[in-house]
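Engineer: Pasting a structure here, questions to come.
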Amino acid sequence: MNAPVLVALDVPTAAEAVRLAKAVRPHVAGVKVGLELLMGPGSAIVAALTDDGLDVFVDAKLHDIPTTVGRAARQLGRVGARWLTVHTGGGREQLVAAVEGLAEGAGGRTAGVLGVTVLTSFDDATLAEVGVQGTVGRQASRLSKLAAATGCEGVICAVKELGVVAEVAPGLRRVTPGIRPAGDDADDQKRVATPAEAIRRGADLLVIGRPISRAKDPAAAAAAIAESLAG
């Protein structure tokens, strides 16, 4: 069984993305297409990976007026997005528009919105800088409730907030970025955890980028993480 890992294809070209996706495919649950690829090759890369049988997590982090978000979600549903991220901070109407737009675009194929709660590059001090009072945990709790109420399939949250999300919105799928194998550099993340710790604390899917994509042998790196989780 493949590991519950979505490999972030954080590369600039479609050719590199396809090559990386094919290398890690035997070991993981799917791949993530983020802003770098969307702003480069564009949404066609989502269609290409989907046509190849991969589950594609489109990390677009949509945040705009409801009409714009709904239309964007519809387009990404049409090209095959299995999951699509939307900032929960955009509010109820935006989330509903995203859920409805993605479903319409998918045309009956399984597809779900994942609400971004608090970025893993944020901490309590960062929240305060942008005018949000309280802790990261409290903010994640509020936004997870909103995601559940608007039909989202799940949320994006850091490992430290997994327990809070499970308590306030137990039906949501919990997808966790900021995952680093033991000994790896945290890079620009402030709230990180190892793959095993994330699963132990209740994550359903792990988003892992640089530890795999920048490894000398990405397939071997993905296989090692899968083996560690199987153990």
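Engineer: Tell me the residue from ALA111, ALA97 that is among the small types (Gly, Ala, Ser) and more than 25 Å from VAL132 (Cβ to Cβ), please. If you could, list the steps in order and put the result at the bottom.
Structural biologist: Details: ALA97 fails: more than 25 Å from VAL132 (Cβ to Cβ).
Exactly one of ALA111, ALA97 is among the small types (Gly, Ala, Ser) and more than 25 Å from VAL132 (Cβ to Cβ), namely ALA111.
Engineer: Can I ask one more? If you take the residues in the stretch 162-180 that are at pLDDT below 95 and not β-branched (Val, Ile, Thr), which one is surrounded by the fewest Cβ atoms within 10 Å (Cβ to Cβ)?
Structural biologist: Among them, the one singled out is ARG180.
Engineer: Of the residues ASP64, ASP52, ASP59, which is in contact with a helix residue (DSSP H, G or I) (Cβ under 9 Å, 6 or more places away or on another chain), at pLDDT below 95 and either farther than 24 Å from SER144 by Cα or of a type outside the set (Phe, Trp, Tyr) (or both)? Before you say what the answer is, go through the steps one by one.
Structural biologist: Working: ASP64 fails: at pLDDT below 95; ASP59 fails: at pLDDT below 95.
That would be ASP52, the only listed residue that is in contact with a helix residue (DSSP H, G or I) (Cβ under 9 Å, 6 or more places away or on another chain), at pLDDT below 95 and either farther than 24 Å from SER144 by Cα or of a type outside the set (Phe, Trp, Tyr) (or both).
Engineer: Restricting attention to the stretch 204-231, and to residues there that are in a helix (DSSP H, G or I) and among the β-branched types (Val, Ile, Thr), which single residue is farthest from HIS27 (Cα to Cα)?
Structural biologist: Filtering the stretch 204-231 down to residues in a helix (DSSP H, G or I) leaves 210-213, 218-230.
This time we only want the ones that are among the β-branched types (Val, Ile, Thr), so: 212, 225.
On the way: ILE212: 11, ILE225: 9 Å.
Step by step, filter the stretch 204-231, then rank; the result is ILE212.
Engineer: Just name the residue that is nearest to the chain's Cα centre (by Cα) out of those in the stretch 1-22 that are surrounded by 19 or more Cβ atoms within 10 Å (Cβ to Cβ) and of a type in the set (Gly, Ala, Ser).
Structural biologist: Step by step, filter the stretch 1-22, then rank; the result is ALA8.
Engineer: When the stretch 1-27 is examined, which residues are found to be in contact (Cβ under 8 Å) with a residue 60 or more places away in the chain and assigned to a helix (DSSP H, G or I)?
Structural biologist: LEU20, ALA23, VAL24, PRO26, HIS27
Engineer: Now for a separate question. When you scan the stretch 187-197, do you find a residue that is at pLDDT 95 or above, surrounded by fewer than 23 Cβ atoms within 10 Å (Cβ to Cβ) and closer than 29 Å to THR68 by Cβ, even just one? I'd like the intermediate steps shown before the answer.
Structural biologist: Of the residues in the stretch 187-197, the ones at pLDDT 95 or above are none.
No, that holds for no residue.
Engineer: SER121 fails exactly one of the following numbered conditions: (1) in contact (Cβ under 8 Å) with a residue 60 or more places away in the chain; (2) farther than 27 Å from LEU20 by Cβ; (3) of a type in the set (S, T, N, Q). What is the number of that condition?
Structural biologist: (2)
Engineer: Output yes when any residue across the stretch 11-21 is closer than 21 Å to ARG180 by Cβ and among the β-branched types (Val, Ile, Thr), and no when none is.
Structural biologist: Among the residues of the stretch 11-21, at least one is closer than 21 Å to ARG180 by Cβ and among the β-branched types (Val, Ile, Thr), which makes the answer yes.
Engineer: In addition: Please state which of the following conditions GLN139 fails to meet, knowing it meets all the rest: (1) surrounded by fewer than 18 Cβ atoms within 10 Å (Cβ to Cβ); (2) within 30 Å of ARG71 (Cα to Cα); (3) modelled with pLDDT of 95 or more.
Structural biologist: Single failed check for GLN139: (1).
Engineer: Pairs only if they're at least six apart or on different chains, beta carbon under 6 angstrom, first in the stretch 56-71 and closer than 19 Å to ALA44 by Cβ, second in a helix (DSSP H, G or I) and among the charged types (D, E, K, R); list them, first residue then second.
Structural biologist: As it stands, the answer is none, since no pair meets every condition given.
The values are calculated or read from the model by the stated rules, or taken from the named source; none is laboratory data. This one's a predicted model, so the numbers in the text were calculated from it and none came from an experiment. No Cβ is skipped: glycine too gets one built from the backbone with ideal geometry, and neighbour counts run over all protein chains shown.
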